[in-house]
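Enquirer: First the structure, which I've put down as structure tokens, then a few questions once you've had a look.
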Amino acid sequence: MQIPFVDLKAQYETIRDEVAEAIRGVLNSAQFIGGEAVASFEKDFAAYCQVRHARGVANGTDAIHLALRALGIGHGDEVITTAHTFIATAAAIAATGARPVFVDIDPETYTIDPTMIERAVTDRTKAIIAVHLFGQPADMGPIKDIARRRGLYVVEDAAQAHGAEYRGVRTGALGDVACFSFYPAKNLGAYGDGGAITTNSAAIAERIERLRDHGRTTHYSHAEIGFNSRLDALQAAILQIKLRRLDEWNANRRRAAEWYAGELAQSGIETPFVRKGSTHVYHLYVITTNERDAMRIKLDEAGVATGIHYPLPLHLQPALAHLGYRQGDLPCCEAMAARSLSLPMFPELTRDAVRHVAAIARAAAERHGHKIAQRRPTYSPAALSADGGKECR
């Protein structure tokens, strides 16, 4: 049985006619930059995210970059975030001239650890970027408490969490500003690049409108130096069609996750932990095992595509070596990099496909003697070292 990591063709077949009609509408209007398609999607996406404003941009990286610039963050500033994420999070910080400051992850949810944030705050810290990883929101309650006490902005990197909720509030409405990617494989994906920024602040939304369009206030009047980062009208029309199905598709992902959890119970494989009060939308289904590499080989031999998110944490990336981090600085991030494996996950995934994937994974675990559940990496305050690091074992 050949099982892809994600199956965009299967999804397309369910909306083929609606997408064709939406594309024809844009072609007939000849409004390819801006226009009704973009405005309509922005309105619907803002409503979906339970906020007042949404502004489309060219991609998710630009969303973070422009959001930070709209908050006035630049040279000499610091932004705290996690090293367990795609490099776009840190690259967008660096693009403003600010310095990324990495802290470790919670060993159960793999999102940024709030207990590590406050010790990283300095007089140069201006914001916290909370990454909603793999489809689960970061622990926003304590993060926002820290931000209020220290006068910091909270930015959501929601690129992997369209439609997820934290204590009944959707991602996109949990911080001062939120940033989304519409890369094709996302829960809400375009047929090319795309992104959006959401906020309840009219001033932030207005600044983003300028920044994404060369800083202009009228066609040839420019209030500031901006960028060319506009959401394509064709992509906006496609996204509006797909937005209507997002809750259904997310529910299908949760169903597949439940199947996986049942099939992998007592296998020695750690399945995703969902924080109480959070709704996970499973952009990725990430398991952890000490036998990750051997398991991946067995799955590949059986025709099952997998991924690793992420094999090298950001604090150890060559591109960020100038920040001065070393192996051992963020032990939980490093443990995840060595142990995590992403299994196939998409809304059209069938029960039989999940059984097949799980059977191969179980067999690989049993072959290496893991017949009881492995212990998740844990730490306690007593395990904190003098320099603020922690054991992750």
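The values are calculated or read from the model by the stated rules, or taken from the named source; none is laboratory data. Keep in mind that this is a model prediction, so the values were computed, not measured. Every residue, glycine among them, receives a Cβ derived from its backbone with ideal geometry; neighbour counts consider all protein chains shown. These area figures cover heavy atoms from the full protein model, side chains too; ligands, DNA and RNA do not enter into them. Shrake-Rupley method; radii C 1.70, N 1.55, O 1.52, S 1.80 Å.
Enquirer: Return the FRET efficiency for the residue pair Ser201, Phe5: r is the Cβ-Cβ distance, R0 is 45 Å, and the value is rounded to the nearest 0.05.
Expert: E between Ser201 and Phe5, to the nearest 0.05, is 0.75.
Enquirer: Provide the net charge surrounding Asp300, with neighbours chosen by a C-beta distance below 15 Å and charges set as Lys +1, Arg +1, Asp -1, Glu -1.
Expert: With Lys, Arg at +1 and Asp, Glu at -1, the neighbours total 0.
Enquirer: Let me check something: with ligands and nucleic acids excluded, how do Asp104, Asp247 order by accessible area (1.4 Å probe), largest to smallest?
Expert: The ranking, largest first, comes out as Asp247, Asp104.
Enquirer: May I pose another question? Count charges around Ala58 for me, please; just the other residues with Cβ under 10 Å from its Cβ, Lys/Arg as +1, Asp/Glu as -1.
Expert: -1
Enquirer: Run the helix sum for the chain: -39,500 (n - 2.57) per DSSP H stretch of 4+ residues, divided by residue count, reported at 222 nm to the nearest 500 deg cm²/dmol.
Expert: Computed mean residue ellipticity for the chain: -11500 deg cm²/dmol.
Enquirer: With both partners inside the chain, how many of the DSSP beta bridges are antiparallel, as a percent to the nearest 5?
Expert: Percentage antiparallel, nearest 5: 60.
Enquirer: Count neighbours as other Cβ atoms within 10 Å of each site's Cβ, and list the trypsin sites (Lys or Arg not before Pro) in the range 285-353 that are DSSP loop with at most 11 such neighbours.
Expert: In loop regions of the range 285-353 (DSSP not H, G, I, E or B), the sparsely surrounded trypsin sites (Lys or Arg not before Pro) are Arg326.
Enquirer: Ok, one more. For the chain, what % of the accessible area comes from carbon and sulfur atoms, probe 1.4 Å?
Expert: 50 percent
Enquirer: Roughly how big is the chain's charge dipole about its Cα centre, with Cβ charges of +1 (Lys, Arg) and -1 (Asp, Glu), in debye to the nearest 20?
Expert: 420 debye
Enquirer: Let me ask something additional. Below 8 Å, C-alpha to C-alpha, sequence gap of six or more: please give me the relative contact order for the chain in percent.
Expert: 21 percent
Enquirer: Test of understanding: what is the full-extension gain from Ile15 to Arg255, defined as 0.36 nm times their sequence separation minus their Cα-Cα distance?
Expert: Taking Ile15 through Arg255 to full extension adds about 84.3 nm, to one decimal.
Enquirer: Quick one: putting +1 on the C-beta of Lys and Arg, -1 on the C-beta of Asp and Glu, what dipole do you get for the range 10-57 around its Cα centre, in Debye to the nearest 20?
Expert: Here the range 10-57 has a charge dipole of around 240 debye.
Enquirer: Right, something else. For the range 90-107, in order, what is each residue's ³J(HN,Hα) by Karplus, 6.51 cos²θ - 1.76 cosθ + 1.60 with θ = phi - 60°, in whole Hz (x at glycine and Pro)?
Expert: 6, 4, 5, 4, 4, 5, 7, x, 7, 10, x, 10, 9, 10, 7, 9, 5, x
Enquirer: Among Ala178, Ala20, Ala94, which one shows the biggest mean-square fluctuation in a GNM of the chain, springs joining Cα atoms closer than 10 Å?
Expert: Ala20
Enquirer: Ok, one more. Which residue, Ser229, Ser342, Ser40, tops the fluctuation ranking in a GNM of the chain built on C-alpha contacts under 10 Å?
Expert: Between Ser229, Ser342, Ser40, it is Ser40 that shows the largest mean-square fluctuation.
Enquirer: Then there's this: Could you give the length gained on full extension between Phe273 and Ile297, defined as 0.36 nm per residue of separation minus the Cα-Cα distance, in nm?
Expert: Full-extension gain reported as 6.2 nm.
Enquirer: In Å², and per residue, what accessible area does the range 237-353 have when probed at 1.4 Å with the other protein chains present?
Expert: Using a 1.4 Å probe on heavy atoms only, each residue of the range 237-353 averages 39 Å².
Enquirer: Placing +1 at every Lys and Arg Cβ and -1 at every Asp and Glu Cβ, with all other atoms neutral, what dipole size does the range 93-151 have around its Cα centre, in debye to the nearest 20?
Expert: 420 debye
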